[in-house]
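Written below as structure tokens is the structure these notes are about.
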Amino acid sequence: MACDFSLSSASFISLILTLFIGQNLITKDIDRRSIYTVISLPIKRGEYIIGKFLGLLTLILFSVTILSALGGLSVCIAGVLSPQEINQTISWGNYFLASLFIFLKLAIIAAILFLFSSLATSAFLPLSLAIAFYMIAESVEEVRIFIESASPNIKPNLAIQYLAKLAYYIFPNFEAFDLKPAAIYSLPIDTGHLVYLAAYSLFYMVIAMAIAAIIFERREFL
Amino acid sequence: MRISRQLPIILILISILGYTVSFSQVDRYRRNNRLESRIAYIPPVGMLKVISLDYKGIVSKLLLFRGMVYYGERQEQNVRQDLPWMYNSFEASTTLDPYNIDSYYFAQATLPWDGMVAETNRILERGMKHRDWDFYIPFFIGFNHFHFLGDDAKAAEYFDIAAKLNPALIELSLKFHYRANQIPVAIAILEELYSKINNEEIRKNITTRIEAYTGADTLYKGVQAYKKRYNNIPHPLNQLIVRGIIEEIPKDPYGGEFYYDAKEDRIKTTSNFLFKK
């Protein structure tokens, strides 16, 4: 219970941080026209955007680390203050992995935020698109399962079925990144799967950032 | 000039007074008309799964807490709970986080005692599938089968599963197989146990128990045969020898006497399978 709470709040607070800080990083530069001084410097625009992205990643990393470490501490204190009879073992290795994958998930969101920022003119658009992206990514698997297992009389029409399938392949499956149960109930974790999952998130990030860089390179500032 | 300078201070003082009065009114109203935790609408489980995003665990625990607070309040006021609502709440809670032992625990502590046995078992079955290391859940299901449904055979089946996870429960599973007249199953469990254990003392105990169960099994089969043939109960058990169904009444190695309890259709012994102290 305490463990679930601490991991969930670490994830939630870091998500808010990512969204609200990330939305400003590029759009503010454009808005205040400080971008002119930056693009006149002898660095590539791609470097600029990737540098900003890495900065945001550092921030997220710190946020998740500090929050989950403090959360872990409070779990320990709660465990001492009110010991439980059942379900008292928390696997700290899994706890660490769970926070690592929270970080990777937020990193994907940050990359998407940058992708939208690279073509948006206001700060509001990338923010709302990124929130929508997050919600879709969290539920694609659930929707796919629903469509595949729905009985024929409540099955949605073919177009929606294909749309859901398409969404499942385009959006990352954030549910796979949720290792909280593994930490709370010390479930066994398939390490090979985690390696693929981490690679999956890295590739997704690289693709999003590469597209963002390309768009940003070609963009004209008036 | 002087008035306008003091005006804000006067305004603040008047407002503080007014605030205090109105706050006390609001506070009194809220205290007197406090809404007890009402049963709120629980969205369909499929929808809940989608809208709770990354926070399924927290939502699951929230549903459990709401159920607990609701139950406790009603209990204090001696008002009957809305059980179907509570069932829905636990159902949703355990679907969102199928590992959430607290939800299973609380569901077991409340629902079956008010008649929702089959529903509780359905929830618990889900827990058994996910928490496959946890002996509590099969133990609960077994208990429900025994206590509420009176089905000893089913109870023994679940106690078996629980005993595999927690060897301390083997005695329980044996008893229930015995109660359900599945004595050969109980003997098989004992034999398996015998082959796994090296301690001579325990092995001796197991052998004694196997001997006693084998005797009871012979008698039970004899009684069934007698019933089939004569449509009557052999009373006393010596009748079985007289009619040539068995050759002798097996001895109870615990020092008791076997007898047949017709009401429960079971062979019992005066020693109750325990050595006299």
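Of the residues A:Thr65, A:Thr27, the single one that is free of Cβ contacts under 8 Å to residues at least 40 places away in the same chain and of a type in the set (S, T, N, Q) is A:Thr65. Screening region B:84-103 for residues that are assigned to a helix (DSSP H, G or I) and of a type in the set (D, E, K, R) and picking the one that is nearest to the other protein chains (Cβ to nearest Cβ) gives B:Asp102. When region A:124-155 is filtered for residues that are under 16 Å from A:Phe171 (Cα atoms) and among the charged types (D, E, K, R), the ones remaining, listed by number, are A:Glu138, A:Glu141, A:Glu142, A:Arg144.
Among the residues making up region A:154-184, a single one is surrounded by fewer than 16 Cβ atoms within 10 Å (Cβ to Cβ), polar (S, T, N, Q) and within 18 Å of B:Met47 (Cα to Cα): A:Gln161.
What do you reckon, is B:Arg31 in contact (Cβ under 8 Å) with a residue 24 or more places away in the chain and either assigned to a helix (DSSP H, G or I) or closer than 21 Å to B:Tyr136 by Cα (or both)? Answer is no for this residue. The set of residues from region A:1-14 being at the interface with chain B (Cβ under 8 Å from one of its Cβ atoms) and under 12 Å from the mean Cα position of the chain (by Cα) comprises A:Ser11, A:Phe12.
Name every residue in region B:139-179 that is among the charged types (D, E, K, R) and assigned to a helix (DSSP H, G or I), in order of residue number. Explain how you work it out, then say what you get.
So the first thing to find is which residues in region B:139-179 are among the charged types (D, E, K, R), and the list is B:151-152, B:154, B:157, B:160, B:164, B:171, B:175, B:179.
Listed by number, the residues that qualify are B:Asp152, B:Lys154, B:Glu157, B:Asp160, B:Lys164, B:Glu171, B:Lys175, B:Arg179.
Does A:Leu57 satisfy the condition of being part of a helix (DSSP H, G or I) and under 26 Å from A:Lys28 (Cβ atoms)? The answer is yes for A:Leu57. Counting residues in region B:104-119 that are assigned to a helix (DSSP H, G or I), within 25 Å of B:Ile202 (Cβ to Cβ) and not charged (D, E, K, R) gives zero. Taking the residues in region B:207-257 that are of a type in the set (A, V, I, L, M) and surrounded by fewer than 17 Cβ atoms within 10 Å (Cβ to Cβ) as candidates, determine which candidate is modelled with the highest pLDDT. Filtering region B:207-257 for residues that are of a type in the set (A, V, I, L, M) and surrounded by fewer than 17 Cβ atoms within 10 Å (Cβ to Cβ), the one modelled with the highest pLDDT comes out as B:Ala225. If you go through region A:165-185 and keep only what is within 12 Å of chain B (Cβ to nearest Cβ) and assigned to a helix (DSSP H, G or I), you end up with A:Phe174, A:Glu175, A:Ala176, A:Phe177, A:Lys180, A:Pro181, A:Ala182, A:Ala183, A:Ile184.
Are any of the residues in region B:133-156 away from chain A (no Cβ under 14 Å), closer than 30 Å to A:Leu7 by Cβ and free of Cβ contacts under 8 Å to residues at least 12 places away in the same chain? No, region B:133-156 has no match at all.
The values are calculated or read from the model by the stated rules, or taken from the named source; none is laboratory data. As the structure is a prediction and not an experimental result, all values here were calculated from the model. Heads up, the Cβs are rebuilt from the backbone with ideal geometry, glycines too, and the neighbour counts pull from every protein chain shown.
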